[in-house]
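Enquirer: Mind having a look at this structure? Questions to follow.
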Amino acid sequence: MALATLSISEETAATDWRVISNEFEETSPTAVLRWAIEEFSPDVAFATGFGAEGCVLVSMLSAISPATRIFCLDTDLLFPETYALRDQLEARYGVRFERRATSLSLCDQAAQYGERLWEHEPDLCCRLRKVEPLREMLKGLRAWVTGIRRDQSPARAGTGLVERDDKFDLIKINPLAAWSAHDVWNYIAKHDVPYNTLHDRGYPSIGCVPCTTPVQLGETSRAGRWRGTGKSECGIHEGG
């Protein structure tokens, strides 16, 4: 694989990142992770919301590079099961999650923008509690790792394994982009990876408590997110 000739010095050239991404299409997620760490460390971090994909990547990272920084975005509205999973993953893999959150308390948010902002302006709520804290978290980094997959939604169908993230002005690594949900759950079963127990209760995609509902038979995996609003993304993985 002729990756050594495509160094970080070429990161401003989008075509180079597409070439690298294409080179990885027939390799494993661990190969992508190893390359990302070798290429960008120590200026690379993994950000997770503790979905099934995130749990898989925590497992992989703990074996490849346990010292790699792992961030978690805390909106102060996560499920109790999500916080319990965080603690379980830390105990299992010996990693430490760096918590990132807005300085805007829920009470102050209600005072400034009205009660239950997520109901009448969900995009603004996501920007305040997720997108802007992530932007602060990524400052000073050259790359970040995510758990998104192409088959999660039409908006993610074109996701590369390695791509330029213009929204946050750095390189975005998506080791599981080519994996299916079946691949993810096979890995979890094979390696006994801890996961959110809400997945066993009809929640294939889990976010904040007020904006996440169970999915019914025949619905897409993200149908339970922001139900009834027409919204399908929090803004983190959308263009700038």
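The values are calculated or read from the model by the stated rules, or taken from the named source; none is laboratory data. Computed from a prediction, not measured in an experiment: that's the story for all the values here. Ideal geometry is used to build each Cβ from the backbone, glycine not excepted, and the neighbour counts take in all protein chains shown. Please note that ligands, DNA and RNA were not included when accessible areas were found on the heavy atoms of the full protein model with its side chains. Shrake-Rupley method; radii C 1.70, N 1.55, O 1.52, S 1.80 Å.
Enquirer: Would you be able to tell me the number of residues in segment 112-121 that are free of Cβ contacts under 8 Å to residues at least 40 places away in the same chain and either open to solvent by 80 Å² or more (accessible area, probe 1.4 Å) or assigned to a helix (DSSP H, G or I) (or both)?
Expert: Total satisfying the criteria: 6.
Enquirer: Check residue 172 against each of (1) surrounded by fewer than 17 Cβ atoms within 10 Å (Cβ to Cβ); (2) out of contact with any helix residue (DSSP H, G or I) (no Cβ under 8 Å at 6 or more places or on another chain); (3) within 30 Å of residue 17 (Cβ to Cβ) and name the one condition it does not meet.
Expert: Only one criterion is unmet by residue 172, namely (1).
Enquirer: How many of the residues in segment 154-165 are within 17 Å of residue 20 (Cβ to Cβ) and surrounded by fewer than 14 Cβ atoms within 10 Å (Cβ to Cβ)?
Expert: The total comes to 1.
Enquirer: Spot the failing condition for residue 143; the list is (1) under 17 Å from residue 52 (Cβ atoms); (2) in contact with a helix residue (DSSP H, G or I) (Cβ under 8 Å, 6 or more places away or on another chain); (3) buried (at least 18 other Cβ atoms within 10 Å of the Cβ), and only one is missed.
Expert: (1)
Enquirer: Could I ask something else about it? Take segment 64-91 and flag every residue that is of a type in the set (A, V, I, L, M), farther than 11 Å from residue 50 by Cβ and in contact (Cβ under 8 Å) with a residue 12 or more places away in the chain. Spell out how you get there, then give the answer.
Expert: To start, the set of residues in segment 64-91 that are of a type in the set (A, V, I, L, M) comprises 64, 67, 70, 73, 77-78, 84-85, 89, 91.
Checking the rest, the ones that are also farther than 11 Å from residue 50 by Cβ come to 64, 67, 77, 91.
Within segment 64-91, 64, 77 meet the criteria.
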